[in-house]
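Input: a single structure, listed below in structure tokens.
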Amino acid sequence: MVEGGALGQVNRLREASGEIEWSEAALELTRHMSKTNIRLSDYFSTQLHTHRNYSLIIDQISVLIISSLLQCNFRRCFGSAATVIERNTSFSTLNSDDVSYFKELLGEKSVVEDEDVLLTANTDWMRKYKGSSKLLLQPKTTHEVSQILKYCNSRCLPVVPQGGNTGLVGGSVPVFDEVIINMGSMNNIISLDKVSGILVCEAGCILENLISFLDNHGFIMPLDLGAKGSCQIGGNVSTNAGGLRLVRYGSLHGTVLGLEAVLANGDVIDMLGTLRKDNTGYDLKHLFIGSEGSLGIVTKVSILTPPKLSSVNLAFLACEDYFSCQKLLVEAKRRLGDILSAFEFLDNQSMDLVLNHLEGARNPLPSSMHNFYVLIETTGSDESYDKEKLEAFLLSSMEGGLISDGVLAQDINQASSFWRIREGVPEALMKAGAVYKYDLSIPVEKMYDLVDEMRIRMGQTAKVIAYGHLGDSNLHLNISAPQYDDKILAQIEPYVYEWTSEHKGSISAEHGLGLMKANKIFYSKSPETVQVMGSIKKLLDPNGILNPYKVLPQSLSSYH
Ligand code: FAD
Ligand code: 2HG
Ligand code: ZN
């Protein structure tokens, strides 16, 4: 494995949107250089001395890059520090007998080899990570998932479980040629207990469809996020997604009552309980909540859904400094406690980005730009009492100088347009160019210090955009630049991770580790903890076929 900044020399010459796949030639070159302790940077600077004509060097590198498209053995992705990953040599390569087996098992239609479909499924939402899988499977039942995994395990064929492919850490797409198991065809709602509000459904149900279904029956999903139109409940559970309402309803570790999962060897583990209380031994479902498809494929979920309440209010507020946002949060928790259902924030750079890049976005407080914006949502059962309570809170916050301006949504359309601003930041960032994403848990009082420090570090080279789930101490720190550049990356990493670790934060609050942060886990977890995780992985997936190269550091993965 070759690691670090040496490869950055070549990387700067990449195509703007892609990633480099190294050819045998490049592989040989890097192997030779690592054996002889030559770093690429040294190699190229030597070459620069000998060749006066720089274009000769460019030509040399271009040959490597072009030939790299022939065969991928090494992979490097953008938006995270240079890590070159070698394909696990113990994995087999897909052959025509494998494809025939899957066609027999699933039927022709559920075995996809179409290049356009594969291109989409191989590429993540941010278009930063791109695999080269040649096969996508669409199982319709748990039995089919079980048979697929049993077969893949016996053949040592690696797989990637895929939901809506909205993940933001490169976990949902192959790194090399892993078979994609897309869960979208397992999208049946199995039952809703209208007394307890317990919903049981298949993993491939799209979150927004579940939200609508529950709405029709007088319930709500305990989680909501900007990607709801595409993400699936199985993906949500596998990433332990947080989202906009965690402050009120808690994490999926609390609301998921049970699940069914298929292990790497095809065994189906039925933990699909619907009980609120069950202390019979280890609660194994928690292993699958947030393990990002590295321990098993989630096929069914049972989840506790709260009743839909009649009165929902949303305020869009302006604060002049971060300290006021913080104080506002403390006051909101104290004074709105029982009805508070969201407390989100964005800074003026985020607002600016949304207004410039998101079609139809309008500033709800247009008279002037403010330094910070906060969305406070309340959900309760008594319309006049809730509104009165919120209005009294807003009035006193205004008098106390915590809020400098604000507006209450007058109807559902206005509320949606306010939410569109907050939920639209990731989309606006994508439209603005290259983006380096950090999803951090940091104590609220320290959170914005990092943003200020990053602005000083980045200077004019990139924009620092900060927003997130303030109510949960979750900062989304995004660095936006016209294009990816290793120099920018070197200004960000490892600084952001070190800072977060020093302040006892987490380097992944809600998005997971995926490929992007698999090797960064030690910033947030002790070596002993990671060692136990490695043992669990080995126990449940001894051949390492489930979502390889993700979540755990390479040093611990079973393929080494
Ligand atoms: P995918 O992206 O397909 O997969 C994510 C991971 O889960 C991968 O490792 C994959 O292998 C694994 N996986 C998927 N399905 C299964 C399964 N059935 N069994 C086992 N493993 C599986 N995240 C938040 O936490 N909070 C937010 O507020 C939020 N907002 C977002 C807004 C936008 C605009 C976007 C693009 C993303 C956002 N995300 C957010 C990230 C993402 O939407 C979540 O991580 C989501 O839960 C992923 O669901 P998915 O179905 O798209 O999973
Ligand atoms: C959100 O809260 C998502 O909008 C995405 O978690 C965060 O894009 C991001 O950094
Ligand atoms: Zn988020």
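The values are calculated or read from the model by the stated rules, or taken from the named source; none is laboratory data. All of these numbers come straight from a predicted model, not from anything done at the bench. FYI the Cβ positions are ideal-geometry reconstructions off the backbone, even for glycines, and counts take in every protein chain you see. In case anyone asks, the SASA skips ligands and DNA or RNA and just uses the protein heavy atoms, side chains included. Shrake-Rupley method; radii C 1.70, N 1.55, O 1.52, S 1.80 Å.
Please work out whether region 451-560 counts as rounded, prolate or oblate from its C-alpha gyration tensor, where a ≥ b ≥ c are the square roots of the eigenvalues and a/c under 1.5 means rounded, while otherwise a/b larger than b/c means prolate and anything else oblate?
prolate
What whole-number distance in Å separates the alpha-carbon centres of region 88-165 and region 218-287?
24 Å
Rg over Rh of region 323-409, using C-alpha atoms and the Kirkwood radius, what does it come to?
Rounded to two decimals, Rg over Rh is 0.98.
Which chymotrypsin sites (Phe, Trp or Tyr not before Pro) in region 221-288 sit in a loop by DSSP (not H, G, I, E or B) and have at most 16 other Cβ atoms within 10 Å of their own Cβ?
In loop regions of region 221-288 (DSSP not H, G, I, E or B), the sparsely surrounded chymotrypsin sites (Phe, Trp or Tyr not before Pro) are 282.
No solvent, one uniform scatterer per C-alpha: report log10 I(q)/I(0) for region 123-200 via the Debye equation at q = 0.13, 0.19, 0.24 1/Å, two decimals.
Result of the Debye calculation: -0.49, -0.84, -1.09.
If the cut-off is 15 Å between C-alpha atoms, which aspartates and glutamates fall inside it for residue 550, apart from same-chain ones fewer than 8 positions away?
Excluding near neighbours in sequence, the set is 86, 124, 177, 178, 292, 541.
First check a/c for region 261-360, with a ≥ b ≥ c the square roots of the eigenvalues of its C-alpha gyration tensor; if it is under 1.5, answer rounded, and if not, answer prolate when a/b is larger than b/c or oblate otherwise.
Because a/c hits 1.5 or more and a/b exceeds b/c, region 261-360 counts as prolate.
So what are the ³J(HN,Hα) numbers for region 351-363, from phi and the Karplus equation (6.51, -1.76, 1.60; θ = phi - 60°), rounded to whole Hz, Gly and Pro as x?
4, 4, 4, 4, 5, 7, 10, 9, 4, x, 6, 10, 6
Highest mean first, what order results for 110-116, 290-296 on Cβ atoms within 10 Å?
Per-residue mean Cβ counts within 10 Å order the peptides as 290-296, 110-116.
Looking at the square roots a ≥ b ≥ c of the eigenvalues of the Cα gyration tensor of region 233-275, which shape do they give, rounded for a/c under 1.5, prolate if a/b is larger than b/c, or oblate?
Oblate, because a/c is 1.5 or more while a/b does not exceed b/c.
Do the alpha carbons of any pairs in 128/431; 437/520; 128/504 sit beyond 19 Å of each other, and which pairs?
With Cα atoms farther than 19 Å apart: 128/504.
Where a Cα-Cα gap under 22 Å defines reach, which lysines qualify for residue 308, not counting those fewer than 8 residues away within the same chain?
The reachable lysines, counting only those whose Cα sits under 22 Å from residue 308, are 194, 228, 333, 387, 389.
Calculate the length of the line joining the C-alpha centroid of region 516-560 to that of region 450-486, in whole Å.
Each part reduced to its Cα centre gives a spacing of 28 Å.
Amide H to amide H, which residues 5 or more places from residue 341 or on other chains are under 5 Å from it, using H placed in the peptide plane?
Amide H to amide H, under 5 Å and 5 or more residues apart or across chains, residue 341 pairs with 377, 378, 379.
How much area per residue is accessible in region 311-503 when the probe is 1.4 Å and only protein heavy atoms are counted (Å²)?
Per residue, region 311-503 has an accessible area of 41 Å².
Rounded to the nearest 5, what is the percent of antiparallel bridges among the DSSP beta bridges in region 96-182?
Antiparallel bridges make up about 35 percent of those DSSP assigns within region 96-182.
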